[in-house]
1. Can Lys136 be described as part of a loop (DSSP other than H, G, I, E, B) and of a type in the set (Lys, Arg)?
2. Just the residues that are part of a loop (DSSP other than H, G, I, E, B) and not hydrophobic (A, V, I, L, M, F, W, C), please, taken from segment 75-113.
3. Please tell me if Val265 is at pLDDT 95 or above, of a type outside the set (Ser, Thr, Tyr), in a loop (DSSP other than H, G, I, E, B) and more than 21 Å from Pro197 (Cα to Cα).
4. Tell me, yes or no, whether segment 128-139 has at least one residue that is over 30 Å from Tyr210 (Cα atoms), surrounded by 17 or more Cβ atoms within 10 Å (Cβ to Cβ) and at pLDDT 85 or above.
5. Just to check your reading of the model, which residue among Ser212, Ser224, Ser205 is surrounded by fewer than 21 Cβ atoms within 10 Å (Cβ to Cβ), touching a Lys or Arg at 6+ places or on another chain (Cβ under 9 Å) and among the hydroxyl-bearing types (Ser, Thr, Tyr)?
6. Name the single residue that is nearest to Asn182 (Cα to Cα) among those in segment 76-101 being touching a Leu at 6+ places or on another chain (Cβ under 9 Å) and not aliphatic (A, V, I, L, M).
7. Working only within segment 64-98, note down all residues that are among the charged types (D, E, K, R) and buried (at least 22 other Cβ atoms within 10 Å of the Cβ).
Amino acid sequence: MHVQNINKYSSNAYSPKFSGVYRDVCAGQKIMHRNVSWMFRPSFNECKRFYSYISDVFRDIPKVNVYSYGCSLGYEAYGFVIGMFAEKEKNPEKFFPVIAKDYDETIIGYAKKNIVPLETTEIKQIGQMFNNDANKISEFITFADRLKILSKLKFGQSLYNNLAAQGDTLGVLSKNLTDRVNFSAADIRTDYKNIKPQNSIVLASNFWPYMSDEDRYALAKNLSEQLEQNCYVKIDKFDNGMYPGKSFVPTADLLLQNGFKWTPVLNLFRK
């Protein structure tokens, strides 16, 4: 997930209260932050560089473990699956299933129902991934029913409510995608122990600023100690941000201080 900063001076920035599928961070009755999720983040081109780099560095590895923490409805995990197929991997299955986890059990419940609305921009980007090959695109997503519904709805709470009411009849994602992502509820602060120590990719984006300083330092250290050979951690530019009135060491610095190294891909670190 990614969170829009509605009020950058919020004293509640580090105390999120998540509720349901549409997550609001509140101070009393006032919404201070609201989450927005999308498939290729923070930018389409950066994602393409990431997928290409990962495909290359694991070219000769028979099995790669991929984890997506703070997964929300699974956009990032699904984008990764599409990216590996688009890279014309000889064996894309070695990256699957993507293990997607979020500490919000409510949103994991929705994720398991495959309720993932895609905006027009995302649909176009998926097309670009496969050079607009309609047959290839249709292996992963279906269009007609979803677009008919989205054209009648405004993006926001009403959209999610209506999508939830439609349930499995909406046909947003094909089984070629959904069968390659496994969802479960877990908190990375303790679940890091279940990450396999070799040949692993950890997608850990857009949640670091909501953790306490103590937890952030501990997680960077624990990931460093858990991961061994040929492992990578991917964060996002949001994780390096700073808030007024709050001391905030960029997450990139925390990872570097704990033995991770830069890669040619922005905000991707290797052990």
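1. On the way: part of a loop (DSSP other than H, G, I, E, B): no; of a type in the set (Lys, Arg): yes.
No; evaluated as a whole, the condition is false for this residue.
2. Across segment 75-113, the qualifying residues are Glu87, Lys88, Glu89, Lys90, Asn91, Pro97, Tyr103, Asp104, Lys112, Lys113.
3. Numbers: at pLDDT 95 or above: yes; of a type outside the set (Ser, Thr, Tyr): yes; in a loop (DSSP other than H, G, I, E, B): yes; more than 21 Å from Pro197 (Cα to Cα): yes.
So Val265 fits the description; yes.
4. Among the residues of segment 128-139, at least one is over 30 Å from Tyr210 (Cα atoms), surrounded by 17 or more Cβ atoms within 10 Å (Cβ to Cβ) and at pLDDT 85 or above, which makes the answer yes.
5. Details: Ser212 fails: touching a Lys or Arg at 6+ places or on another chain (Cβ under 9 Å); Ser205 fails: surrounded by fewer than 21 Cβ atoms within 10 Å (Cβ to Cβ).
Every option except Ser224 fails the conditions.
6. Per the stated criteria, the residue is Tyr78.
7. Once the filter is applied, which keeps residues that are among the charged types (D, E, K, R) and buried (at least 22 other Cβ atoms within 10 Å of the Cβ), segment 64-98 yields only Glu76.
The values are calculated or read from the model by the stated rules, or taken from the named source; none is laboratory data. Treat the numbers as computed from the prediction; the structure is a model and nothing was measured. Please note: Cβ atoms are built from the backbone with ideal geometry, for glycine as well, and neighbour counts cover all protein chains shown.
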